[in-house]
Ligand SMILES: NC(=O)c1ccc[n+]([C@@H]2O[C@H](COP(=O)([O-])OP(=O)(O)OC[C@H]3O[C@@H](n4cnc5c(N)ncnc54)[C@H](OP(=O)(O)O)[C@@H]3O)[C@@H](O)[C@H]2O)c1
């Protein structure tokens, strides 16, 4: 039986991978994350604590579980925090990936790793998989370094670049869509930039694409993101429209007014043709992804 190891199972992407894979009887799935307990019922899911920054723990768990594939959904993902916590960021986003790659090589496992559009400077997006990276901030630098770790590790791998991930998960850090929703629901006015553009990515699409990369044994770099490119402001307005809130609560501003700690790629975006063609998937547009999210939140309230 094929064995699947998920790292960072308690995160937004990790939870979705876990939900999609754990129902599949042909796989033995081991969920892991840094916390002692799993967000889902551990009678229904196999879970063990694993801090991927610990080289010895990674080595021993992987040599005993002998995974066919490792999905790495763990990372330091708050870009402003990364800018001011460089050592911790490097440890989790780069050294931990070295640990996974080294252990994967020993047991001949495939490593499916997630990267980001922040490896680009955002001067000339949207980008293909072969565009020249030039990260502006520390998060992007660390993720580019993690790609290079995977590329030079001499292992079977896939690197998935994604951006503006949104969706529902239990106790996940509020992603942009959940932050907008929470504020609109409370009737708060919010200020959203209209000069940062990119594709908003529904988490279900990313998880399904990663599973396909494994099942079709694809090797290389793949952009996986929503189908359409839009500004953050336009995305926020779509959120209001889909969920029936008042869009006039959203004020259009420029990035210079926000004074964010880390620099952002402004004209970003990922061209997803390669993944759609090779994986046989049509990714959702932002609006379609929001409709899926709406359905999930309604289902959650019913249960
Ligand atoms: N979110 C986005 O918009 C976005 C955009 C582009 C790319 N990505 C990439 O997509 C991937 C998944 O992102 P996400 O948004 O799902 O992240 P997330 O929700 O922050 O999930 C990451 C998970 O990893 C856990 N973790 C932290 N340190 C760990 C460690 N040392 N060992 C094991 N697990 C650890 C986190 O636990 P704690 O919560 O307790 O720290 C969290 O549960 C990441 O590689 C990210 O860089 C995300």
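Quick one: compute the contact order of the chain, relative version, from alpha carbon pairs under 8 angstrom and 6+ residues apart, as a percent. Don't skip to the answer; put the middle values down first.
Numbers: 624 pairs, mean separation 56.3, N = 303.
Relative contact order comes out at 19 percent.
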**Asked** Any idea how far the Cα center of the range 49-124 sits from the one of the range 152-213, in Å?
**Response** 18
**Message:** Can you say what percent of the DSSP beta bridges in the range 105-229, counting only those with both residues inside, are antiparallel? Round to 5.
**Reply:** 10
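Fewest Cβ neighbours within 10 Å first, please rank 163, 1, 266, 210 accordingly.
1, 266, 163, 210
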**Request:** Treating each Cα of the range 195-264 as an identical point scatterer and ignoring solvent, apply the Debye formula and state log10 I(q)/I(0) at q = 0.11 Å⁻¹.
**Result:** -0.43
**Fill in**
The ratio Rg/Rh over the Cα atoms of the range 75-224, Rh being the Kirkwood inverse mean 1/r radius, stands at 0.98
**Complete:** Answer check: the chain, Cα atoms, Kirkwood Rh, Rg/Rh ratio of 0.95
**Complete:** Computed, not fitted: 222 nm per-residue ellipticity of the chain from DSSP H runs ≥ 4 (each -39500 (n - 2.57)), nearest 500, equal to -11500 deg cm²/dmol
**Request:** Arrange 234, 246, 46 by Cβ neighbour counts within 10 Å, fewest through most, would you?
**Result:** 246, 46, 234
**Complete:** Here P(r) for the range 10-136, Cα-Cα distances in 10 Å bins, as whole percents, is 11, 37, 34, 15, 2
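In which sequence would 130, 89 go, from the one with the fewest C-beta neighbours within 10 Å to the one with the most?
130, 89
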**Within the chain, percent of DSSP bridges classed antiparallel, to nearest 5** = 10
**Asked** Starting at 0 and stepping by 10 Å, how many percent of the alpha carbon pairs of the range 28-90 end up in each bin?
**Response** 18, 44, 29, 9
**Request:** Could you list the residues of the range 185-208 with an amide nitrogen less than 15 Å from a label point located 7 Å from the Cα of residue 252 in the Cα-to-C-beta direction?
**Result:** 191-197
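Values in this text are rule-based calculations from the coordinates and carry no lab data. Computed from a prediction, not measured in an experiment: that's the story for all the values here. Heads up, the Cβs are rebuilt from the backbone with ideal geometry, glycines too, and the neighbour counts pull from every protein chain shown.
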